[in-house]
Every structure is written in C-alpha cells, then in structure tokens.
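Undergrad: My questions all concern the structure below.
No lab work stands behind these numbers, since they all come straight from the coordinates. Because the structure is predicted, anything quoted here is derived from the model rather than measured. Cβ sites come from the backbone with ideal geometry, for glycine too, and all protein chains shown count toward neighbours.
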Amino acid sequence: MATVIKWQGKMAFEATTEGGHSVLMDASPEVGGEDRGPRPMEMVLMGLGGCTGIDVVLMLQKSKQAINGCEIEICAERSDSVPKVYSKIHVHFKVTGTDLNEKKVKRAVDLSAEKYCSVSKMLEATVVMSHDYEIIEHS
C-alpha cells in the first residue's frame, strides 16, 4: 500500500492512492492555508470512521440484519502541547434498520473496535478509545 502526497501551494497537499483516488488536505488560514480541504488530523478521524463503519455494516449484513443506515459520529480531544496528538476519541454509531437485534449490533460494534478495525487498533496504542451505539428503528 502506498500513497503519494504532492504540495499544491501555500499549505495544501494532495494525497493520491495507488488506486488513483485523491483527496486535498489544507491548513487553516491562521497558519497560511486556505481551508480548501480537511486537516491531516481530521483525515485520521475520517479514516477511523470509514474503517469501523465498513466492519459494522459488513458484520450486520452477514448476520442478516435489515440495516439501511449507519452514521458514525466521532468526537476527539487533543493534547495541549506539541505534538498535539489525540488523547481521547469516542466513536458513536447510529444504526438504522428494521427489527435490528441489539445483541448483533453491539457485537458488531465491539468486534470492530476490539479486533477488526485496523485504524482503531493502531490508535488505541496511544489514545483512550471508547465507543457506543444507538439503534434507530426504521419501518
């Protein structure tokens, strides 16, 4: 797996994956950026949300759950000193579906956080991680 990151002027950088997908990252205007894209640390949270979301949706589909929505809200705290790493991250799942089995939803969320999500497993080495979920019935 590889990514190439190219400077786009001022404080913007474009990252391109081996598969040809690109994303623009930028800094805030306070440090010379133009706010043209997410900050690199925001991208870490976005990666976490995508990774754990894929896990949860796949597990619920495999367990024959009638899931029709999954939203992941992530709240994080950063240290005050440089480097301003994440110190706490909380992941909240909103799983929408019809007659969802709460035990299966809980198991999918727990397994993603504790075993399958590579991003979560990497972050937990230095960050206090927590997660929870809610089920929203949709008919």
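Undergrad: Would you work out if the range 40-137 is rounded, prolate or oblate? Take a ≥ b ≥ c from the square roots of the eigenvalues of the alpha-carbon gyration tensor; rounded if a/c is under 1.5, else prolate when a/b is larger than b/c, oblate otherwise. Let's see the in-between values first.
TA: Numbers: a/c = 2.55, a/b = 2.22, b/c = 1.15.
Since a/c reaches 1.5 and a/b is larger than b/c, the shape of the range 40-137 is classed as prolate.
Undergrad: What 222 nm value per residue comes from the helices of the chain, counting each DSSP H run with n ≥ 4 as -39,500 (n - 2.57) and dividing by all residues, nearest 500 deg cm²/dmol?
TA: -9000 deg cm²/dmol
Undergrad: How far is helix 102-111 tilted off the main Cα axis of the chain, in degrees rounded to 10, range 0 to 90?
TA: 40 degrees
Undergrad: Next question, about the same structure. What angle, in degrees between 0 and 90 and rounded to the nearest 10, separates the Cα long axis of helix 40-62 from the longest principal axis of the Cα atoms of the chain?
TA: Helix 40-62 sits at roughly 20 degrees to that axis.
Undergrad: Taking DSSP loops as anything outside H, G, I, E and B, show the longest stretch in the chain free of trypsin sites (Lys or Arg not before Pro) there with at most 15 other beta carbons within 10 Å. Don't jump to the answer; show the numbers that get you there.
TA: Details: sites that count: K10, R36, K64, K84.
The segment 85-139 is the longest one with no such site.
Undergrad: Relative contact order of the chain, please, whole-number percent, based on alpha carbon pairs below 8 angstrom and at least 6 residues apart. Could the numbers behind the result be given before it?
TA: Values: 240 pairs, mean separation 25.8, N = 139.
Averaging sequence separation for qualifying contacts and normalising by length gives 19 percent for the chain.
Undergrad: Which length gain, in nm to one decimal place, applies between K6 and T96 when the Cα-Cα distance is subtracted from 0.36 nm times their residue separation?
TA: Details: separation 90, 0.36 × 90 = 32.40 nm, distance 3.88 nm.
Extending this stretch completely gives an extra 28.5 nm.
Undergrad: Lysine pairs in the range 1-109 with alpha-carbon atoms under 20 Å apart, 8 or more places apart or on different chains: how many are there?
TA: 11
Undergrad: Report the calculated FRET efficiency for D35 and K62 (r = Cβ-Cβ distance, R0 = 41 Å), to the nearest 0.05. Mind dumping the intermediate values first?
TA: Details: r = 40 Å, r/R0 = 0.98.
For R0 = 41 Å, the calculated efficiency reads 0.55.
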